[in-house]
Amino acid sequence: MNDTDCEKPAFTKDRNYEKRLEGMSPFEIKNTLISLAERDARCSTSTFLNAGRGNPNWLLSYPRKAFFLLGDFAMEEADRVKYDDEWGIVASPSSKGIAERFRAFIAQHKDEIGAKVLNHFYTYMTTEHKIDPDELVFELVDGILGDHYPTPPRILKYTEIITRDYLRRAMGGGDDMTEYDIFATEGSTAGMCYMFESLKQNFLLNRGDKIALLTPCFTPYLEIPRLEQFGLEIVNVSANKIEKDGYHDWQFPEEEIDKLRDPAVKAVCITNPSNPPSVCLSKEVLDRIVDVVKHDNPELMIMTDDVYGTFVEGFRSLMYVLPYNTICLYSFSKYFGATGWRVAAMALRPDNVFDARIAALPEDKKAALNKRYESLTLDPASIKFIDRLVADSRLVGLNHTAGLSTPQQIQMALFSAFAYLHHDDIQPKLIAMIQRRLNNLWNNTGFTLPPDPNRAGYYSEIDMMVWAKKFYGEDFADYLNKNYEPLDFVIRMANETAIVLLNGDGFDGPAWSVRASLANLDDEAYLKIGTAIRKILDDYHAKYLASNK
């Protein structure tokens, strides 16, 4: 390697370049940071550590083993009738007697983990839900083979039942047995896009309308409403306040939540637990939102993205706190280590504010919607909002071919069954793993992490300005603001320690905050990251002292 290959790029000392870079999404800035960190790792003894993305480094193997074993059984079923044995052209399986053959297959593999998972799922569904065994097994076999369009397009019949059970437990539904309608989507990102498009198409959010965002939050929620095709006015509801003794608690002051009392605020997007602070809404904040809806804004449409809820013991989603007003988006990507599977579920009660608002639209808009959906039914006005989401996801005309691919739905069903039936075994272990990493990170910074029962800890947002003031005083904090761009911190982390963090202000967090993912590296890596964070802060302080001399 040439010496010039290890020279630090000139732009890492260019404050104007950093200012321009700050206008980009943190997920786009990440590519620059990775390049810097990889260069530093090649040219030093540092180890490249990317804590910039939330892709977990674990996965739940048992439901996957069940999936692949189920695939073997499905192929046996397909091979029962062959059209061309030489080239493997076989018939679609038949449902007649399929449950009996399934039980025999499971008995043959009884010592395998996958068989035990499948048998547990089968037994639960046929005993607790009284489902016809042949119908259940045929859905699993036909679905995993993927030889038919998803029918119904919204979600397969029995996949919906087990997903509903799982979401009730995961989202804090308790004894609430309301049968939520579920829409299986290609990850939460697809569900997010479908949501905004259907709200627009159904005149529930129109150009110039106000939509509130609880921030900090996942950056697409900041970026999508501002797109020209939507043209929405953003109301920021911020959790960036400093709690007593100078510590963030990442909760929302009453005056911030009270912004939702304005009836002109038609909808609110909530990431709960938040991203990147990774803290769920406290009971006091939930109660305040309930009061807002009850007394001032009863038609508020709430969209809650609760992917990290399973990392908080006793989590309770707004889908159960304000069920009439809320549509929930839940992704299987994080808890199950399944970002590549692209499976998520949208959940909405049959009686809800979205359908009520459509029913209350002026006659001319109702007529326009009837025209839009008239190819689907003789009574287009009766189409529920969640089914409009399905149709709009395929521009209505392709509604009959809409829906998440059936193999993905079968894996989602097995994820749901396994996590539902073993909730008390799995959740504590995943929470404990995240908490170990979180403690490793903070212990080596020398910073104080106050205990918080609302903390998920999947990410950690560290406001460097808080610790600059606590360790070195207000004069030093002023020096940082006058002489550096906030983005300089994550650039230095990458350029000098080979570690990638994301800038927190890209999520509408405090300017000098950084986001570390606690999901995608081993426990020991976070000890190194914590040490490096403190080192960079101390380096700034050394320059501050030198400048005073």
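The values are calculated or read from the model by the stated rules, or taken from the named source; none is laboratory data. This one's a predicted model, so the numbers in the text were calculated from it and none came from an experiment. Counting neighbours? That spans all protein chains shown, and the Cβs are built from the backbone with ideal geometry, glycine included. Remember, those area values only see protein heavy atoms, side chains included, never the ligands or the DNA or RNA. Shrake-Rupley method; radii C 1.70, N 1.55, O 1.52, S 1.80 Å.
Here the accessible area of the chain is 50 percent carbon and sulfur, with a 1.4 angstrom probe and all protein chains present.
Scaled to the globular estimate 2.2 N^0.38 Å, the Cα spread of the stretch 1-139, given as radius of gyration, is 1.89. Seen against the Cα atoms of the chain and their longest principal axis, helix 423-443 is set at about 10 degrees. Residues whose amide H lies under 5 Å from that of T185, counting only those 5 or more places away or on a different chain, are A344, A345, M346; hydrogens are built 1.01 Å from N in the peptide plane. Gyration tensor over the Cα atoms of the stretch 89-133: the corresponding equivalent ellipsoid has semi-axes (square roots of 5 times the eigenvalues, largest first) of 19, 16, 8 Å. What translational D, rounded to a whole number of µm²/s, comes out for the stretch 189-298 from Stokes-Einstein when the hydrodynamic radius is the Kirkwood one over Cα pairs, at 25 °C and 0.890 mPa s? For these conditions, the coefficient is 167 µm²/s. Residues in the stretch 72-113 average 70 Å² of solvent-accessible surface per residue, probe 1.4 Å, ligands and nucleic acids excluded.
The listed residues E179, E299 rank as E179, E299 when sorted by accessible area, largest first, using a 1.4 Å probe. When the alpha carbon gyration tensor of the stretch 429-508 is reduced to an equivalent ellipsoid, the three semi-axes, largest first, read 25, 16, 12 Å.
If you plug the beta carbon distance of D424 and E243 into 1/(1 + (r/R0)^6) with R0 = 30 Å, you get a FRET efficiency near 0.40. Legend: residue pairs K241/K266; K334/K543; K19/K283; K266/K482, Cα-Cα distance threshold 31 Å; pairs beyond threshold, K334/K543; K19/K283; K266/K482.
Rounded to the nearest 20 Debye, what is the dipole magnitude of the stretch 55-122 about its Cα centre when Lys and Arg each give +1 and Asp and Glu each give -1 at the C-beta? Please list the in-between numbers first.
Working: 9 positive and 10 negative charges, 83 e Å.
Its charge dipole is roughly 400 debye.
With contacts taken as Cα pairs under 8 Å at a separation of at least 6 residues, the chain carries a relative contact order of 23 percent.
Can you tell me how the stretch 60-106 classifies by the Cα gyration tensor, rounded, prolate or oblate, using a/c under 1.5 as the rounded cut? Judged from the Cα gyration tensor, the stretch 60-106 comes out oblate (a/c at least 1.5, b/c at or above a/b).
Quote the FRET efficiency, to the nearest 0.05, computed for Y83 versus M177 with a Förster distance R0 of 41 Å and r equal to the Cβ-Cβ distance. Mind showing how you got there, number by number?
Values: r = 46 Å, r/R0 = 1.12.
Efficiency, rounded to the nearest 0.05: 0.35.
Dipole magnitude for the chain: computed about the Cα centre from +1 point charges on Lys and Arg Cβ and -1 point charges on Asp and Glu Cβ, it is near 620 debye.
If R0 equals 45 Å, the separation of the Cβ atoms of E223 and K549 corresponds to a calculated FRET efficiency of about 0.50. Nearest 5 percent is fine: what portion of the DSSP beta bridges confined to the chain is antiparallel? Of those bridges, close to 50 percent are antiparallel. On a 0 to 90 degree scale, rounded to 10, what angle separates helix 523-548 from the longest Cα axis of the chain? With both axes taken from Cα atoms, the answer is about 30 degrees. Ellipsoid semi-axes for the stretch 362-478, based on the Cα gyration tensor and the rule √(5λ), read 50, 26, 12 Å when sorted largest first.
Indicate the gyration tensor shape class of the stretch 464-549 (rounded, prolate or oblate), computed on the Cα atoms with a ≥ b ≥ c the square roots of the eigenvalues: a/c under 1.5 is rounded; otherwise a/b larger than b/c is prolate and the rest oblate. Note, shape of the stretch 464-549 comes out prolate.
Normalised per residue, the accessible area of the stretch 331-432 is 39 Å², obtained with a 1.4 Å probe and no contribution from ligands, DNA or RNA.
So, with +1 on the Cβ of K and R and -1 on the Cβ of D and E, and no other charges, what is the size of the charge dipole of the stretch 1-104 about its Cα centre, to the nearest 20 debye? If you can, show how the numbers build up before the last one.
Values: 16 positive and 17 negative charges, 109 e Å.
Roughly 520 debye for the stretch 1-104.
When the inverse distances between all different Cα atoms of the chain are averaged and flipped, the Kirkwood radius reads 25.5 angstrom.
Backbone N atoms of the stretch 243-281 closer than 16 Å to the 7 Å Cα→Cβ label point of E474 belong to residues 245-246.
Each residue, D522 and N57, gets one label point 7 Å from its Cα in the Cβ direction; the gap between the two is 0.7 nm.
Given 0.36 nm per residue, what is the gain on full extension from Y124 to T448 after removing their alpha carbon distance, in nm?
Between Y124 and T448, full extension yields 112.1 nm more.
Helix 283-295 axis versus longest C-alpha principal axis of the chain: approximately 70°, rounded to the nearest ten.
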